[in-house]
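Asker: Below you will find the structure I want to go over with you.
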Amino acid sequence: MKIYTLKAKQNLPISIEKAWDFLINPKNLKVITPDYMGFEILSGDERTMYSGQIIQYIVTPIAGIKNKWVTEITHIKDKEYFVDEQRFGPYALWHHTHFIKEIPNGIEMEDVIHYKIPFGIIGQCIHPLIIRPKLKEIFEYRKKKLIELFGSIDTETTHQITFA
C-alpha cells in the first residue's frame with residue numbers, strides 16, 4: 001500500500017486576511033481549477049468553510065470520465081490552515097492540508113496532500129504516467145491563476161511542487 005505525498009508552495013503579495021477569505025470560500029475552488037476538468041459544485045458551497053462541512057462536486061480529470069467527489073472539511077484554524085478529506089471519490093485516500101502564513105511582503109500558501117491510488121499494483125503503475133503529471137498540471141494551473149488574481153513575489157521559493 002503506497003501512500004504518495006504532494007507538496008506545493010506559493011508566495012503571493014496579499015494580506016493573510018485576503019488570502020484566507022479567498023481560500024475558505026468553496027466557490028473559489030472552481031476559479032483555480034482548469035476549465036477542461038468540468039468542475040461543478042453540487043452542494044456544500046452555501047457557506048464559508050467550517051469543520052464538518054460536506055462539499056459534493058463533479059470533476060472530469062481524465063478522458064471525459066466524470067467523477068463524483070465528496071470531501072469533508074475536518075479541521076480549520078482561522079487564518080492558519082484547513083483540512084479537506086475525501087469521503088467518496090477517485091482516490092483510495094485523499095488528505096489535503098492547506099496552510100497559510102505571513103511572510104515579508106505577503107503570504108506563503110503551502111499544500112500538503114497525502115493520497116493513495118486505487119487498484120493496487122495497477123494504480124501504482126499508472127501513477128507516474130498519468131496521475132502525478134495530472135496533479136502537477138492542476139497545481140501549475142492554480143499557480144498561474146493565483147498570480148493572475150493577486151500578483152507574484154519574486155523569490156526563489158515563489159512556487160514549488162514536489163512529490164514523494
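The values are calculated or read from the model by the stated rules, or taken from the named source; none is laboratory data. Quick caveat, the model's predicted, so the values are computed rather than measured. Note: ideal-geometry Cβ built from the backbone for every residue, glycine included; neighbour counts use all protein chains shown. Areas reflect the complete protein model, heavy atoms only, side chains present, ligands, DNA and RNA absent. Shrake-Rupley method; radii C 1.70, N 1.55, O 1.52, S 1.80 Å.
Asker: Taking the alpha-carbon distance from LYS77 and a cut-off under 17 Å, which lysines remain once sequence neighbours fewer than 8 residues away in the same chain are dropped?
Answerer: LYS18, LYS101
Asker: Mind computing the radius of gyration and Dmax over the alpha-carbon atoms of the range 19-155? Å is fine for both.
Answerer: 15.3, 45
Asker: Report the charge-dipole magnitude of the chain in Debye, nearest 20, computed about the Cα centre from +1 at each Lys and Arg Cβ and -1 at each Asp and Glu Cβ.
Answerer: Roughly 560 debye for the chain.
Asker: Per residue Cα convex hull volume for the range 1-98, in cubic angstrom?
Answerer: Hull volume normalised by residue count: 117 Å³.
Asker: For HIS127, what charge total do you get from the other residues with a beta carbon under 15 Å from its beta carbon, if Lys and Arg give +1 and Asp and Glu give -1?
Answerer: Charge balance in the 15 Å sphere: +4.
Asker: On the accessible surface of the range 117-163, probed at 1.4 Å, how many percent belong to carbon and sulfur atoms?
Answerer: On the way: 1740 of 2960 Å².
Here it works out to 59 percent.
Asker: Test of the criteria: in the range 63-156, which trypsin sites (Lys or Arg not before Pro) are in a DSSP loop and have at most 14 other Cβ atoms within 10 angstrom of their Cβ? Display every interim value, and only then the final one.
Answerer: On the way: sites: LYS66, LYS68, LYS77, LYS79, ARG87, LYS101, LYS116, LYS134, LYS136, ARG142, LYS143, LYS144, LYS145; in loops: LYS66, LYS79.
Those satisfying the criteria are LYS66.
Asker: Quick one: net charge of ILE161's neighbours, Cβ under 13 Å, K/R +1, D/E -1?
Answerer: Within the 13 Å Cβ shell, the charges total +4.
Asker: In nanometres, what is the gap between the two model label sites at GLU46 and HIS96, each 7 Å from Cα along Cα-to-Cβ?
Answerer: 2.3
Asker: Grab the DSSP H runs of the chain that are 4 residues or longer, score each as -39,500 (n - 2.57), total them, divide by all residues and round the 222 nm result to the nearest 500 deg cm²/dmol.
Answerer: -6500 deg cm²/dmol
Asker: Right, another one. Roughly how many whole Å is it from the C-alpha centroid of the range 88-164 to that of the range 1-62?
Answerer: Computed from Cα coordinates, the inter-centre distance equals 11 Å.
Asker: Within the chain, what is the longest stretch that has no GluC sites (Glu not before Pro) placed in a DSSP loop and near at most 14 other beta-carbon atoms within 10 Å?
Answerer: 81-155
Asker: OK, next. Beyond a 27 Å Cα-Cα separation, which of these cross-linked pairs lie in this structure: LYS2/LYS30; LYS116/LYS143; LYS2/LYS145?
Answerer: LYS2/LYS30; LYS2/LYS145
Asker: Take the alpha carbon gyration tensor of the range 8-63, find the square roots of its eigenvalues, order them as a ≥ b ≥ c, and report rounded if a/c is under 1.5; if not, report prolate when a/b exceeds b/c, else oblate.
Answerer: oblate
Asker: When the accessible area of the range 72-111 is computed with all protein chains present and a 1.4 Å probe, what percentage of it is carbon and sulfur? Can you show the working numbers first?
Answerer: On the way: 1020 of 2050 Å².
Of the solvent-accessible surface of the range 72-111, carbon and sulfur hold 50 percent.
Asker: Would you tally the net charge around LYS79, using a Cβ to Cβ cut-off of less than 11 Å, leaving LYS79 out, and scoring K and R as +1, D and E as -1?
Answerer: My count for the surroundings of LYS79 gives -2.
Asker: What accessible area per residue comes out for the chain, rounded to a whole number of Å², with a 1.4 Å probe?
Answerer: Normalised by residue count, the accessible surface of the chain is 54 Å².
Asker: A further question on this structure: Counting alpha carbon pairs within less than 8 Å and at least 6 residues apart, what relative contact order, in whole percent, applies to the chain?
Answerer: 33
Asker: Round to the nearest 0.05 the FRET efficiency obtained for ASN105 and ASN25 when R0 = 25 Å and r is the Cβ-Cβ distance.
Answerer: 0.60
Asker: Also, quick follow-up: Quick one: helix 132-150 against the long Cα principal axis of the chain, what's the angle to the nearest 10°, folded into 0 to 90?
Answerer: On a 0 to 90 degree scale, this one is about 20.
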